[in-house]
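Trainee: Following this message is one structure expressed as structure tokens.
No lab work stands behind these numbers, since they all come straight from the coordinates. Treat the numbers as computed from the prediction; the structure is a model and nothing was measured. All Cβ positions, even for glycine, are placed from backbone atoms using ideal geometry, and neighbour counts span all protein chains on display.
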Amino acid sequence: MDATTGSTVRTAGLVRQFRAGTERLTAVDGVSLEIAAGSVVALTGPSGSGKSTLLYLVGAIEQADSGTVTVDDVEITGLRRAALARYRQRVGFVFQRYHLLPALTVLDNVIAPVLPRRGRSDQVNRARELLDAVGLAGRERSLPAQLSGGQQQRVAIARALMGEPRLLLADEPTGNLDSTNGGQILDLLLSLRDRHGMTILLATHERAIAARCDRLIRLGDGRVVEDVDLTDGEDPAETYDRVARLRL
Ligand SMILES: Nc1ncnc2c1ncn2[C@@H]1O[C@H](COP(=O)(O)OP(=O)(O)O)[C@@H](O)[C@H]1O
Ligand SMILES: [Mg+2]
């Protein structure tokens with residue numbers, strides 16, 4: 001894989017509302033954050049607290065009603081369509097339900113996002129390297145249904161890496177997995193950060209996952225209600241105990 005460094009992400013006064021019947025529901029309510037390049041940040045909070053919406057705003061899948069998202073000094077919220085499309089191609093997305101195409105092989109699923117670009121043999125070589133890096137060498141010709149949930153999520157991660165992202169957004173990536181497989185997916189994400197300095201923002205409900213991240217940001221009703229640095233020199237067991245005392 002190519003050497004990269006992670007993106008710095010800033011949000012300022014970010015707001016996103018939805019219409020719920022005649023009411024307006026504020027899913028993200030004035031979120032201002034600065035996320036350091038190469039950090040792995042757990043986004044926690046109860047269902048409906050705005051985790052997914054915040055990830056989609058940072059990834060420019062959703063549009064903000066007000067406030068800004070700035071990635072590496074480029075204000076994403078001010079970009080026009082073409083520049084926005086280029087930005088999205090450079091962000092990796094991983095979802096809880098993998099979102100693989102069931103009729104395509106593992107290899108073709110990984111290539112799918114970059115199909116219009118580059119020569120096919122370049123793409124195949126890169127996809128093979130990525131599948132090797134996520135521990136799936138030899139499974140290129142399998143169909144998604146022939147793989148376990150953990151393996152399918154590895155395919156989704158390989159696919160997310162095709163665009164050489166400096167920022168990876170993961171929406172409950174271990175939410176469908178048991179703790180062993182979930183732990184292995186987190187091992188993989190942390191190793192990607194260690195090798196490439198990638199910045200990773202991941203929504204999770206799980207303490208064991210959050211405790212292994214560098215920082216925990218908890219949302220409540222679309223606002224940041226807790227922001228904890230987990231890197232300050234404690235051993236993993238102490239960090240786990242500390243996270244165990246927090247509400248998630
Ligand atoms: N596309 C949408 N249309 C209407 N309401 C939405 C939409 N997406 C999210 N919401 C609402 O915004 C709030 C935050 O949702 P979400 O960001 O999915 O939270 P989380 O990921 O923490 O569960 C919820 O009340 C949800 O119902
Ligand atoms: Mg969600």
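Trainee: Condition first: away from ligand 1 (no atom under 16 Å from the Cβ) and assigned to a strand (DSSP E or B). Can you find one or more residues in the range 78-92 that meet it?
Mentor: Restricting attention to the range 78-92, the residues satisfying the condition of being away from ligand 1 (no atom under 16 Å from the Cβ) are 78-92.
Within this subset, residues satisfying the condition of being assigned to a strand (DSSP E or B) are 91-92.
Scanning the range 78-92, I find at least one residue that is away from ligand 1 (no atom under 16 Å from the Cβ) and assigned to a strand (DSSP E or B), so the answer is yes.
Trainee: Any residue at all in the range 40-53 that is out of contact with any strand residue (DSSP E or B) (no Cβ under 6 Å at 6 or more places or on another chain), surrounded by fewer than 21 Cβ atoms within 10 Å (Cβ to Cβ) and not in a loop (DSSP other than H, G, I, E, B)? Working first, answer last.
Mentor: Taking the range 40-53 as the starting set, the residues that turn out to be out of contact with any strand residue (DSSP E or B) (no Cβ under 6 Å at 6 or more places or on another chain) are 46-48.
Those left that are additionally surrounded by fewer than 21 Cβ atoms within 10 Å (Cβ to Cβ): 46-48.
This time we only want the ones that are not in a loop (DSSP other than H, G, I, E, B), so: none.
No, the range 40-53 has no match at all.
Trainee: Yes or no: residue 190 touching a residue at least 24 places away in the same chain (Cβ under 8 Å), aliphatic (A, V, I, L, M) and either within 16 Å of ligand 2 (Cβ to nearest atom) or within 19 Å of residue 48 (Cα to Cα) (or both)?
Mentor: Working: touching a residue at least 24 places away in the same chain (Cβ under 8 Å): yes; aliphatic (A, V, I, L, M): yes; either within 16 Å of ligand 2 (Cβ to nearest atom) or within 19 Å of residue 48 (Cα to Cα) (or both): no.
No, not satisfied.
Trainee: Among the candidates 27, 37, single out the residue that is farther than 27 Å from residue 122 by Cα and within 16 Å of ligand 2 (Cβ to nearest atom). Step through it out loud before you land on a result.
Mentor: Details: 37 fails: within 16 Å of ligand 2 (Cβ to nearest atom).
Sole residue among the options that is farther than 27 Å from residue 122 by Cα and within 16 Å of ligand 2 (Cβ to nearest atom): 27.
Trainee: Determine, yes or no, whether residue 128 is surrounded by fewer than 18 Cβ atoms within 10 Å (Cβ to Cβ) and either of a type in the set (Lys, Arg) or in contact (Cβ under 8 Å) with a residue 60 or more places away in the chain (or both). Quick ask: steps written out before the conclusion?
Mentor: Values: surrounded by fewer than 18 Cβ atoms within 10 Å (Cβ to Cβ): yes; either of a type in the set (Lys, Arg) or in contact (Cβ under 8 Å) with a residue 60 or more places away in the chain (or both): yes.
When the stated conditions are applied, residue 128 passes them.
Trainee: May I ask you to list the residues in the range 229-248 that are within 19 Å of the chain's Cα centre (by Cα) and surrounded by 19 or more Cβ atoms within 10 Å (Cβ to Cβ)?
Mentor: Answer for the range 229-248, where residues must be within 19 Å of the chain's Cα centre (by Cα) and surrounded by 19 or more Cβ atoms within 10 Å (Cβ to Cβ): just 230.
Trainee: Output yes when any residue across the range 63-73 is within 16 Å of ligand 1 (Cβ to nearest atom) and surrounded by 19 or more Cβ atoms within 10 Å (Cβ to Cβ), and no when none is.
Mentor: Looking for residues that are within 16 Å of ligand 1 (Cβ to nearest atom) and surrounded by 19 or more Cβ atoms within 10 Å (Cβ to Cβ), one finds at least one in the range 63-73, hence yes.
Trainee: Just to be sure before I move on: is residue 146 more than 28 Å from residue 54 (Cβ to Cβ), more than 16 Å from ligand 2 (Cβ to nearest atom), surrounded by 18 or more Cβ atoms within 10 Å (Cβ to Cβ) and without any contact (Cβ under 8 Å) to a residue 60 or more places away in the chain in the structure I sent?
Mentor: It is false that residue 146 is more than 28 Å from residue 54 (Cβ to Cβ), more than 16 Å from ligand 2 (Cβ to nearest atom), surrounded by 18 or more Cβ atoms within 10 Å (Cβ to Cβ) and without any contact (Cβ under 8 Å) to a residue 60 or more places away in the chain.
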